[in-house]
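Here is the structure we will look at, set down as structure tokens.
The values are calculated or read from the model by the stated rules, or taken from the named source; none is laboratory data. Just so we're clear, the structure is a prediction, and the values are computed from it rather than from any experiment. Don't worry about glycine lacking a Cβ; one is built from the backbone with ideal geometry, like all the others, and counts go over all protein chains shown.
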Amino acid sequence: MFGNCQISQKFDLSEHVVVYPGDCLKLLNQIPDESIQLIVTSPPYNIGKEYEKKLHLNQYLEQQAAVIKECFRVLSESGSICWQVGNYVERGAIIPLDAVLYPIFNELGMQMRNRIVWHFEHGLHCSKRFSGRYETIIWFTKSKDYTFNLDPVRVPQKYPGKKYFKGPKAGQYSCNPLGKNPGDVWLIPNVKCNHVEKTEHPCQFPVELVERLVLSMSNEEEWILDPFLGTGSTVVAAIRHNRRGCGSEVVSKYVLLAVDRIKEEMKGTLRTRPMNKPIYDPEANGNGVTHFPWAGSKDRKQMALFENKTLENIR
Ligand SMILES: C[S@@+](CC[C@H](N)C(=O)[O-])C[C@H]1O[C@@H](n2cnc3c(N)ncnc32)[C@H](O)[C@@H]1O
């Protein structure tokens with residue numbers, strides 16, 4: 001599908017890939033009503049990154065509302081919007097952005113299907129609160145008849161050989177052989193310095209996160225949009241699964257990065273972390289801490305009891 005195709009700067013339904021170098025409202029303005037199947041984005045969080053001017057929260061929400069309203073207009077009846085956000089921080093106090101953005105989607109009559117918790121294990125270390133290790137993806141649909149394909153995103157069962165042991169199905173496998181529903185808590189590494197996808201952009205999301213959304217909420221040839229495109233991760237995921245992809249980005253150096261990555265993807269040479277690659281496990285790799293140096297005797301006693309050891313073994 002993408003062999004000889006060009007990256008267009010202007011949206012047209014006949015195109016396959018569009019990267020608009022400018023404000024998302026201008027790209028949205030070019031898109032006909034109800035023509036996009038899936039919108040996946042991570043907007044600026046209003047935390048003063050180099051590409052944003054920190055606004056009063058209400059002003060920020062007004063800006064977001066204008067974009068979300070346009071996204072709603074271009075979304076097809078069976079379509080979905082996935083808004084990936086973290087926290088806004090004001091003098092050390094956190095405001096979860098999904099909570100304050102929810103009313104905007106709700107007032108448009110959209111229905112929330114999941115609040116997916118994206119859990120990751122790396123980030124800033126806080127000293128006055130627990131370190132933040134998750135963000136969320138709030139998933140809304142325009143109607144009750146929305147696309148949701150579970151089979152392409154099933155994950156391995158924990159006990160694949162498990163069978164019913166009684167009743168009419170005794171002896172048959174009790175779980176789906178294609179795998180299980182991945183649930184709404186996704187452990188996927190975030191793009192920090194050792195990640196294969198890391199570029200100079202300060203907050204990319206990983207392509208595998210978007211792939212799961214693309215596969216489950218759209219079908220081949222349909223349009224996927226990211227109004228805040230950054231390094232092009234959403235369009236990369238779209239192309240990889242034979243969808244059409246479009247997005248806008250205001251910062252020229254990120255537009256260039258996005259275009260480079262999309263070209264690599266079209267050639268089949270872009271390196272990304274494979275979907276469903278197991279998470280690095282330090283213990284399995286012989287690097288685990290087997291004894292917490294700070295653990296007190298109560299912890300050791302409970303551990304010994306848990307492991308059915310006799311109390312004489314406990315120091
Ligand atoms: C959180 S980042 C998105 C990163 C992206 N998900 C990725 O994987 O690279 C938000 C991006 O939106 C861009 N941006 C901010 N305001 C914009 C606007 N009005 N129109 C288009 N892009 C905008 C920023 O420059 C930034 O690159």
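Residue-wise test of (1) aromatic (F, W, Y); (2) surrounded by fewer than 12 Cβ atoms within 10 Å (Cβ to Cβ); (3) within 26 Å of L75 (Cα to Cα).
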position: T141; (1), (2), (3): no, no, yes
position: F148; (1), (2), (3): yes, no, yes
position: V155; (1), (2), (3): no, no, no
position: K158; (1), (2), (3): no, yes, no
position: K162; (1), (2), (3): no, yes, no
position: G167; (1), (2), (3): no, yes, no
position: A170; (1), (2), (3): no, yes, no
position: P177; (1), (2), (3): no, yes, no
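Any residue in the range 205-217 that is more than 18 Å from G123 (Cβ to Cβ) and at pLDDT 95 or above sitting within a Cβ distance under 7 Å of a residue that is part of a helix (DSSP H, G or I) and within 12 Å of the ligand (Cβ to nearest atom)? List the pairs, counting only those 6 or more apart or interchain.
Pairs found: V207/S233; V207/V236; V207/A237; V210/S233; V210/T234; V210/A237; E211/A237; V214/A237.
Do we find that G268 is buried (at least 20 other Cβ atoms within 10 Å of the Cβ) and on the phi > 0 side of the Ramachandran plot in this structure?
no
Restricting attention to the range 186-227, which residues are surrounded by fewer than 22 Cβ atoms within 10 Å (Cβ to Cβ), of a type in the set (G, A, S) and over 13 Å from the mean Cα position of the chain (by Cα)?
Within the range 186-227, no residue meets the criteria.
Where in the range 190-268 are there helices (runs of 4 or more DSSP H), lying fully within it, with 2 or more residues that are of a type in the set (K, R) and within 12 Å of the ligand (Cβ to nearest atom)?
Correct list: 252-267.
Of all residues in the range 87-126, which are among the basic types (K, R) and either under 21 Å from N46 (Cα atoms) or surrounded by fewer than 16 Cβ atoms within 10 Å (Cβ to Cβ) (or both)?
Within the range 87-126, R91, R115 meet the criteria.
Please go through the range 159-189 and give me each residue that is part of a loop (DSSP other than H, G, I, E, B), under 24 Å from R133 (Cα atoms) and either within 16 Å of the ligand (Cβ to nearest atom) or without any contact (Cβ under 8 Å) to a residue 40 or more places away in the chain (or both), ordered by number.
N181, P182, G183, I188, P189
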